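To start, the structure itself, in structure tokens.
Every number here is computed from the coordinates shown, using simple stated rules; none is lab data. Nothing here was measured: the structure is a model prediction, and the numbers come from that model. Cβ: placed from backbone, ideal geometry, glycine included. Neighbour counts: every protein chain shown.
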Amino acid sequence: MINEVPPSVDTLWDKTEDQFMKTFKYYKSNKPPPLLAEVINIEDINNTDKILLLTQKNAVQEDERAKQLGLRELKSWQLYSFKEHPGLFLIRNPFTSNGQRYWIQKCLQVYPRKPNKRNIDMETNVEDWWEACHRHGRCDKQLMKKLRWTTLGYHHNWDTKVYSDDNKSVFPEELSALCDVVARYLGYEEFRAEAAIVNYYHMNSTLSAHTDHSEVNLEAPLFSFSFGQSAIFLIGGRDKTTVPSAILLNSGDVMVMSKEARLCYHAVPKILPYAPTPWNDEAFDDQLDIMYMKDTRRSPPFKLNEWSIFENYIKESRINMNVRQVLYETQCNLKD
Ligand SMILES: O=C(O)CCC(=O)C(=O)O
């Protein structure tokens, strides 16, 4: 008879607690680079055992704001769900090229301006980061690389993870409208965009495993918009014992974390080059100017012919706008 040796505490811990970290390390590795065969890629029809295409073209109600926000007609959107992750949805790039360019410009030129909060505030008090990066016709690559996040609306407190009514700025109107269009498409009529983190990733950046639980209202969905280079996005369960799925996020993709998926651990272990440049697919369209193209708080409005400096950034970076509702619909502030 074989005497079974009980596993050591270490081995047990490995099998339970550490599944998320193990997968994170696997995909983060450069030497050797990870195999991508298990990564769910909605552009690859072989993944049909893991994802479901949900789009019902006939039932979709168009939204007149879509064009002005750089979105395609809603009936052309492709909405996917994930068999192993109830509550997780992905809308495959619903943006036009002009739309991608518009949001990339907003994230670089407008959102990292004071009074919005940035990681660089610890070491510099530049008012306008993008302008400072391009002062005197030069490109300050060092300053450019330093920006890792900007917060909008209720500012995320990275230490306490608690929002405060005393620490918020005006939430950008156009981003709120964008989320409202996406939320209504998914049947959320009451969604209010109240806090956002804009994440800036370089080719070697990662985002470690975490849950987003600071919001009072955890029933509202979270909207995550990706632009530029691609990312491997990991999503697991409510603790780190579940082996996470790896999902490829490409420029323009919108990830929605709702219901069971809203509080799941997630992370970004790797940024991958994305060969297509969907921000360049169509000619420039100045009609996008109609409503949201002007920065209502400051002039002058965007000049699309300045696109090349934004393009140089996005060719080597990824931007993610991560938008949340903080309060319940009945609340006006955190004290209500
Ligand atoms: O970059 C991403 O796709 C995820 C960002 C994220 O998880 C966050 O900001 O909490």
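For ASP336, ASP239, what ranking results if the residue with the fewest other Cβ atoms within 10 Å of its Cβ goes first? The partial results should precede the final answer.
Working: ASP336 10, ASP239 13.
Least crowded to most crowded, the residues run ASP336, ASP239.
What distance in nm separates the simple spin-label points at LYS335 and GLU190, each placed 7 Å from Cα in the Cβ direction?
Distance between the two pseudo-spin positions: 2.4 nm.
Taking the beta-carbon count within 10 Å as an exposure proxy, list MET21, MET255, MET203 from fewest neighbours to most.
Numbers: MET21 16, MET255 22, MET203 12.
Ranked by crowding around the Cβ, least crowded first: MET203, MET21, MET255.
Rounded, prolate or oblate: pick one for region 21-324, where a ≥ b ≥ c are the square roots of the eigenvalues of its C-alpha gyration tensor, a/c under 1.5 means rounded, and failing that, prolate if a/b is larger than b/c, else oblate. Please list the in-between numbers first.
Details: a/c = 1.32, a/b = 1.18, b/c = 1.12.
Since a/c stays below 1.5, the shape of region 21-324 is classed as rounded.
Could you name the aspartates and glutamates whose alpha carbon sits less than 14 Å from that of LYS31, not counting residues in the same chain fewer than 8 places away?
none
Using a Förster radius of 51 Å, what is the FRET efficiency between GLU127 and ASN47 based on their Cβ-Cβ separation? Nearest 0.05, please.
Numbers: r = 45 Å, r/R0 = 0.89.
Result of the calculation: an efficiency of 0.65.
Could you list, in their original order, any pairs among LYS83/LYS270; LYS146/LYS259; LYS67/LYS270 whose Cα atoms are separated by more than 30 Å?
Values: LYS83/LYS270 23 Å; LYS146/LYS259 35 Å; LYS67/LYS270 32 Å.
Flagged as over cut-off: LYS146/LYS259; LYS67/LYS270.
For every helix of n ≥ 4 consecutive DSSP H residues, a contribution of -39,500 (n - 2.57) applies; sum these over the chain, divide by its total residues, and give [θ] at 222 nm rounded to the nearest 500 deg cm²/dmol. Kindly include the intermediate steps, with their values, before the conclusion.
On the way: 7 runs with 59 residues, N = 336.
That calculation yields -5000 deg cm²/dmol at 222 nm.
Order these peptides, 257-263, 98-104, 213-219, by their mean beta-carbon neighbour count within 10 angstrom, highest first.
On the way: 257-263: 17.9, 98-104: 23.7, 213-219: 14.1.
Averaged packing, sorted descending, gives the order 98-104, 257-263, 213-219.
Please sort 174-182, 155-163 by packing, taking for each peptide the average over its residues of neighbouring beta carbons within 10 angstrom, highest first. Provide the component values of the computation, followed by the final result.
Numbers: 174-182: 22.1, 155-163: 13.9.
So the order, starting with the most tightly packed, is 174-182, 155-163.
Sort 142-149, 120-127 by packing, meaning the average of other beta carbons within 10 Å per residue, with the highest value first.
Details: 142-149: 16.2, 120-127: 11.5.
Listed from highest to lowest mean packing, they are 142-149, 120-127.
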